[in-house]
Amino acid sequence: MSGEEAVPAETVAPALGEPMDIMTALQLVLKKSLAHDGLVRGIHEGAKVIEKHAAQLCVVAEDCNQTDYVKLVKALCADNNVSLIAVPSAKTLGEWAGMCAFKHPWTWSGWYCEHDFICEWSKANLCKIDSEGKARKVVGCSCVVVKDYGEESEGLHIVQEHVKSH
């Protein structure tokens, strides 16, 4: 059952009046960037964006079992002056980076993307969200590069402040 490992779907916005933590803010930023086609996944595409000086932020998974992979990402970011944030899990990063789809029975293929159209991730079945809102069969992602934030938000301001302070 390793392919159907359940990852709890996290709440995107905190309760009213509560401050937003960095991981929630980062999740919001990645989702907005994805919606504006400003997110690149994986080391190959990410390295291209970083080297072209088009990257605004890089996110790497701490649990990546390839130490050279993480070293390469960190070195690329340092050499090209790109901010880097580490997240604990590649599965979580994969979920945040849009590597999942929602299943709805009324669509012609049964897969419905969060952007209101059938997308490539949905067709590839890289992840499923079950009826309880839990992600199943999440494809891990060890590196995500933001080339366009999409729009300003409270989450973006929190991420930018976090990057400045670290």
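Please treat every number below as a calculation from the coordinates, not as lab data. This one's a predicted model, so the numbers in the text were calculated from it and none came from an experiment. Glycine also receives a Cβ, built like all others from the backbone with ideal geometry; neighbour counts cover every protein chain displayed.
Around the amide H of residue 141, modelled in the peptide plane, lie the amide H atoms of 91, 93, 94, all under 5 Å away and 5 or more residues distant in sequence or on another chain. Each residue, residue 65 and residue 18, gets one label point 7 Å from its Cα in the Cβ direction; the gap between the two is 3.4 nm. Taking 22 Å as the limit for the C-alpha separation, the pairs 52/147; 31/71; 48/74 exceed it in the case of 31/71. Other residues whose C-beta falls under 12 angstrom from the C-beta of residue 82 contribute a net charge of +1, scoring Lys and Arg +1 and Asp and Glu -1. Neighbours of residue 157, meaning other residues whose beta-carbon lies under 13 angstrom from its beta-carbon, give a summed charge of -2 when Lys and Arg score +1 and Asp and Glu score -1.
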